[in-house]
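Quick one: the structure is below, questions incoming.
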Amino acid sequence: MPRFEVRPGHDGRWLVRDGGRLFLVPAEVGAPLAGRRGADRLAAWRELTADQAWTSQPGRGRSSVWLRVTLVPDRLVGALAARLRRLTTWTSLALLAGGGLAAIWVARGLAPPPASKDGPLGLLLFVATVLAHELGHAAALSREGWSPGAIGAGLLWVLPVAWCDVSGVTTLPRRGRVRVDLGGVAFQLAAAGAVALAAAALGSRSGQLAATGALIAVAWSLLPLIRTDGYWLACDLLGIEALEAPPPAGFRKRRIWLAALRVATAGALVGIVAAAPFRLRDALAPGVAGPARLRWVAAGTVAVLVAIGATRALQRAAALAAAAWRDRRT
């Protein structure tokens, strides 16, 4: 049976999860639903949706990701998150992040020179830190009382990324949303430090390679220019649902920051799209290994994916520019 949940939000609205779709509804709709139980509540909701044209909300964590593939199902993610949520107090998150960075630094002095076999294992360990990152988001959301969704991978505009469905974060107050935003960073740094130390103790530099990749991934995720952790952190600190959304009343003192973020994000998206053809040119380069026909098929596939992702990115850049112009006097 598809997941069905009803929860109150921090802004007076209620969030309804109906399978993979999310709806923000008024309190006069959400509160009576919450008072019902089981199949009776679901039947009441289905009757409401037949009469009302509720608009489904994009789920945070995967809203801009397309060609999504689920790697870890929601039930397993929920079980793991429930066990790990004790590690998401503010003190624990600070210790995880700081301890991870310290372990990476110590491992650098212990690791031997890199060997050819370290590369594939390092990549595998790096993927493990990425999964730890997504589990950190899920565990933080679980601590706040919401069940997380699945973990998967896909394309963010034209970039490969991992995602975790943490749509319940919409209902949380600012402090809870920021906890979820930063939970993934702390967990990934801790995982990177652990694999770096363990691999160094075993005489392999693969852990250090994975840790380096994790540090780059964390730094990238904290940039507030595309829909990664830094983007949502900036939105939550500013008190807005998304950069394109109209700001709430009384936002005048922060409008300069909002305008700057909108313009910078639109510029970053245009820059990513502008760089995409050069990446495609590399894919078409004669030096790429493999039969010529296979190279052209691969390059054509990449070109189609880049074209679709670039179109989506430019559409959002235009929406951000329009929002900046619309709210210039807010």
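With each pseudo-label sitting 7 Å past Cα toward Cβ, what's the Phe251-Trp325 distance in nm, one decimal?
Spacing of the two 7 Å Cα→Cβ label points: 1.8 nm.
By how many nm would the segment from Val127 to Ile216 lengthen if fully extended, with 0.36 nm per residue of separation less the alpha-carbon distance?
The span from Val127 to Ile216 would gain 30.7 nm if fully extended.
Looking at the P(r) of segment 227-273, how many percent of alpha-carbon pairs lie beyond 13 Å?
55
Using every alpha carbon pair in segment 70-145, what percent of pairs falls into each 10 Å bin from 0 up to the bin containing the largest distance?
Binned Cα distances yield the sequence 16, 38, 29, 15, 1.
So for Thr212, Thr301, fewest C-beta neighbours within 10 Å to most, what's the order?
Going from least to most buried by this count: Thr301, Thr212.
Multiply the residue gap between Ala198 and Ile308 by 0.36 nm, knock off their C-alpha separation, and tell me the result in nm, one decimal place.
Extra length available between Ala198 and Ile308 comes to 35.5 nm.
Something else about it: Run the paramagnetic zone check for Thr89: 7 angstrom along Cα to Cβ, then residues of segment 123-144 with backbone nitrogen under 18 Å.
Correct set: 139-144.
Can you tell me the length gained on complete extension of the stretch Leu67 to Ala274, counting 0.36 nm per residue apart and subtracting the Cα distance?
Between Leu67 and Ala274, full extension yields an extra 72.4 nm.
Rank the residues Val72, Val166, Val185 as a footprinting-exposure proxy: fewest other Cβ atoms within 10 Å of their Cβ go first.
Val72, Val185, Val166
Read-outs: derived from the displayed coordinates by stated rules, not from any lab. This one's a predicted model, so the numbers in the text were calculated from it and none came from an experiment. All Cβ positions, glycine included, derive from the backbone under ideal geometry; neighbour counts span all protein chains shown.
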